[in-house]
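Q: Take a look at this one; I'll ask things after.
The values are calculated or read from the model by the stated rules, or taken from the named source; none is laboratory data. Since the model is a prediction, treat every value here as computed from it, not as a measurement. Note that each Cβ is placed from the backbone with ideal geometry, even for glycine, and that neighbours are counted across all protein chains shown.
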Amino acid sequence: MYSSQLQTFVYFLGGVGSLCQEFFSHLSLKKIDRDLLFEQIYQIGARSLPLVIVTAVSTGMVMSLQFGIGLEKFGGKPYVAKIVTLSILRELGPVFASLMVAARVGAGIASEIGSMVVTQQIDAIRALGTSPIQKIVLPRILACVITVPILAVFANCVGIFGAMIVGITELNLDPYFFMNKVLENDLRDFSAGFFKTFFFAFIIAIVSCYLGLQVKEGTRGVGLATTKAVVASSIGIFIGDYFLTKLFWVIEQWMYY
Amino acid sequence: MDVLLEVRHFKKKFGTKQVHRDISFQLQKGECLGLIGGSGSGKSVLLRSLIGLEKPDEGELFFQGQNISNFNEEAFIPVRKKIAYVFQGGALFDSMSVFENLAYPLRNHTQLTEPEIEKKILDLLQEFGLAGNEALLPSSLSGGMQKRVGLARSIILGPEVILYDEPTAGLDPFNTRKIEDMIQGLKKKGTTSVLVTHDMPVAFQVCDRIAFLKEGYIAEVIDKKDLRQEKGLLHQFSQGEIP
Ligand SMILES: Nc1ncnc2c1ncn2[C@@H]1O[C@H](COP(=O)(O)OP(=O)(O)O)[C@@H](O)[C@H]1O
Ligand SMILES: [Mg+2]
């Protein structure tokens, strides 16, 4: 009963794997078309910024409020500053920024490439003696890998800012005290979250490009690919998050102790 | 005469459907071969295979005496510069202007400077009656104009062979006429071509030979001089008597 789904899944992994291989075989400096890359950095990075900022600010504010209310009963309000900023740096900032990009950019990439397949533009790229990997896939993956970490840094900053605003105004915490707690987080906490985003970005881009290229026919195919791209890259982020957290934890142990 | 392109025992199937059972033909330098057949008879797949957009299941393809059947994407690049494919719908890049579409092959395959590229494109647009449209996006062109721009983009590198996939399908008489003139003009310049079409008058006008594709075989090949008195499959097809 589940065997056909399992088969589809294995087939999907194989397809993404071979697209990865093609990506790395095309990855050389002289093959990168700078105009295409900048265009994608703008489309993927700059235009996702407002969404990422709104998500991060509200997450920071809500977390601060929730922990404030929750910990007040135990007289633990002062701990809010540390708890919230630590969770943002290590998890929420990078993961939420990546999820927002998965939703916005994953869908965008899959539907754009899917429509290009349907209207034979991908075939035209090949027929004109050029490579869709180089012209379409490479700029999108690189743009994602370059911009998502930057977006995550923005998310961290504005998320902490949001937490601080609520901490000061609603929870009546002292601004200097809050700021000190924020600065107590060190490079370890920051990089544990930050370095995950490179992998998230790669997952989003490669999965979405693959699903776009796999569109066979018609607008229905494009719609399906779009949905699948968002679902698959989000799941990829969640699963990846666990293992990457574990991995970075091991690396931290090894580096600092 | 020189054989430029040759197909030997081409077979291709999709799923359980054997589309091509055994296709063989040769294309002489400078000739125009018409390829006629019902829809779904595999004309597009056959054309696509000639530039490696599809892989044959069995059989060989030769271009300039070289067996290209097992070429990979990389190896097909020089072949694709010499064999142009004119897509049915134009297949223009919809995010780029007409000018950028035409500049694409030049920027990727030639060392021309920007002014040279610009001159070449404007001349070509002039020649094809498309002058003044260079700044437009494909979506703001009519279907006929899109096809003409698509044709212009395909041939801008000066290919030796041109594969036309239903270049006049769905066009008004004016655009059909324009496309026909473009094809005739290119033929006069000595390019070899394969013309897939349902448009009998155009095929009769332009082609030196016409092959009729049916049930996975080339059922009939007719020379231009015999076209008028031919009463076989092609005649029946053009009269709408067989699918
Ligand atoms: N990528 C594909 N996957 C499955 N079937 C295909 C594919 N491409 C073509 N076919 C099938 O092959 C047959 C021939 O297609 P095609 O060459 O496009 O026909 P036409 O002669 O109308 O151009 C059709 O029946 C089509 O369904
Ligand atoms: Mg066709």
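Q: Taking the condition of being touching a residue at least 12 places away in the same chain (Cβ under 8 Å) and of a type in the set (S, T, N, Q), how many residues in the range A:106-152 meet it? So that I can check it myself, show each step before the final result.
A: Filtering the range A:106-152 down to residues touching a residue at least 12 places away in the same chain (Cβ under 8 Å) leaves A:106-118, A:122, A:131-152.
Subset that is of a type in the set (S, T, N, Q): A:111, A:115, A:131, A:134, A:147.
Qualifying residue count, the range A:106-152: 5.
Q: Which residue, of B:R148, B:R177, is of a type in the set (D, E, K, R) and either over 20 Å from the mean Cα position of the chain (by Cα) or buried (at least 19 other Cβ atoms within 10 Å of the Cβ) (or both)?
A: Of B:R148, B:R177, the one residue that is of a type in the set (D, E, K, R) and either over 20 Å from the mean Cα position of the chain (by Cα) or buried (at least 19 other Cβ atoms within 10 Å of the Cβ) (or both) is B:R148.
Q: Can you say whether B:G89 is modelled with pLDDT under 95 and within 16 Å of ligand 2 (Cβ to nearest atom), as far as the supplied structure shows?
A: Against the criterion (modelled with pLDDT under 95 and within 16 Å of ligand 2 (Cβ to nearest atom)), B:G89 qualifies.
Q: Output the helices (runs of 4 or more DSSP H) that fall wholly within the range A:85-144 and possess 3 or more residues being within 14 Å of another protein chain (Cβ to nearest Cβ) and under 23 Å from A:C20 (Cβ atoms), or say none.
A: Output list reads A:107-118, A:121-127.
Q: Hey, another quick one. Among the residues of the range B:94-122, write down those that are touching a residue at least 24 places away in the same chain (Cβ under 8 Å), at the interface with chain A (Cβ under 10 Å from one of its Cβ atoms) and crowded, with 17+ Cβ neighbours inside 10 Å.
A: Selection gives B:N101, B:Y104, B:P105, B:H109.
Q: Further question on the same structure: Can you say whether A:V95 is farther than 30 Å from B:A152 by Cα, surrounded by 21 or more Cβ atoms within 10 Å (Cβ to Cβ) and touching a Phe, Trp or Tyr at 6+ places or on another chain (Cβ under 8 Å), as far as the supplied structure shows?
A: yes
Q: Select from the range B:175-199 the residues that are farther than 19 Å from B:G30 by Cβ and more than 16 Å from ligand 1 (Cβ to nearest atom) and list them in ascending order.
A: Within the range B:175-199, B:N175, B:T176, B:R177, B:K178, B:I179 meet the criteria.
Q: Residues that are within 22 Å of the chain's Cα centre (by Cα) and in contact (Cβ under 8 Å) with a residue 12 or more places away in the chain, at least 1 per element: which helices (runs of 4 or more DSSP H) completely within the range A:153-227 meet that?
A: Passing ranges, in order: A:187-194, A:196-213.
Q: Still on this structure, please answer the following. Would you mind telling me which numbered condition in (1) over 30 Å from B:S238 (Cα atoms); (2) in contact (Cβ under 8 Å) with a residue 60 or more places away in the chain B:E134 fails?
A: (2)
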